[in-house]
1. Somewhere in segment 97-113, is a residue more than 10 Å from Y41 (Cα to Cα), open to solvent by less than 30 Å² (accessible area, probe 1.4 Å), over 10 Å from the mean Cα position of the chain (by Cα) and β-branched (V, I, T)?
2. Checking the condition in contact with a Lys or Arg (Cβ under 9 Å, 6 or more places away or on another chain) and free of Cβ contacts under 8 Å to residues at least 60 places away in the same chain, which residue from R112, R92 passes?
3. Looking at V131, V78 in this structure, which one is at pLDDT 85 or above, open to solvent by 70 Å² or more (accessible area, probe 1.4 Å) and within 17 Å of P31 (Cα to Cα)?
4. Is it the case that segment 51-74 has a residue that's loosely packed, with under 15 Cβ neighbours inside 10 Å, at pLDDT below 95, within 22 Å of L30 (Cβ to Cβ) and under 13 Å from the mean Cα position of the chain (by Cα)?
5. Confirm whether Y34 is touching a Gly at 6+ places or on another chain (Cβ under 6 Å), closer than 28 Å to L133 by Cβ, modelled with pLDDT under 95 and not basic (K, R).
Amino acid sequence: MELYAPKRTQQHATSDLFLVLQILGAVGTLPAVYVELSVDYFLLRRLIGVKSEGEDGPAKVQKLVKHEFLNLNVGSSVAGGSVLYAKKGRARLALKTPVCTEIGEKIAMSRRIGQSWRLIGWGEITEGVEVTLRTPAHGRDDEHEDEELEN
């Protein structure tokens, strides 16, 4: 079984995408890595644990706004994302940090309210823009490369 984990010498290939040692798996078995996601989403009616001024109940959740920054939980990953488009329960999000996930995966969306992040809704990934990852060259002797770095 061959595993892919970027080494120090390969860091230049992944550091711009913040993927250094973030994902590990047998080559060809991991889901795709996305930098942009399209989601079908549902917003909560009211914020949980937040009261608005002048109202008896919790504050209402406002609609998503273009260029708004959200915190997204995708599986066990947490990534910030900017809203590129949002209309009628469908949104396009540009991620600050790429995520390794699958189409159909559920996500949780949080918005900055005051000093903390509050859950505002959830969604399901419908499509996305993939990142092409470099795989290690086969047949290379990486042990000698590591020894050179240590000397």
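The values are calculated or read from the model by the stated rules, or taken from the named source; none is laboratory data. These figures come from a predicted structure and were not determined experimentally. Glycine also receives a Cβ, built like all others from the backbone with ideal geometry; neighbour counts cover every protein chain displayed. Surface accessibility is based on the protein's heavy atoms, side chains included, excluding ligands, DNA and RNA. Shrake-Rupley method; radii C 1.70, N 1.55, O 1.52, S 1.80 Å.
1. For segment 97-113, residues more than 10 Å from Y41 (Cα to Cα), open to solvent by less than 30 Å² (accessible area, probe 1.4 Å), over 10 Å from the mean Cα position of the chain (by Cα) and β-branched (V, I, T): absent.
2. Working: R92 fails: in contact with a Lys or Arg (Cβ under 9 Å, 6 or more places away or on another chain).
Unique residue meeting the criteria: R112.
3. V78
4. No, that holds for no residue.
5. For Y34, the condition - touching a Gly at 6+ places or on another chain (Cβ under 6 Å), closer than 28 Å to L133 by Cβ, modelled with pLDDT under 95 and not basic (K, R) - is met.
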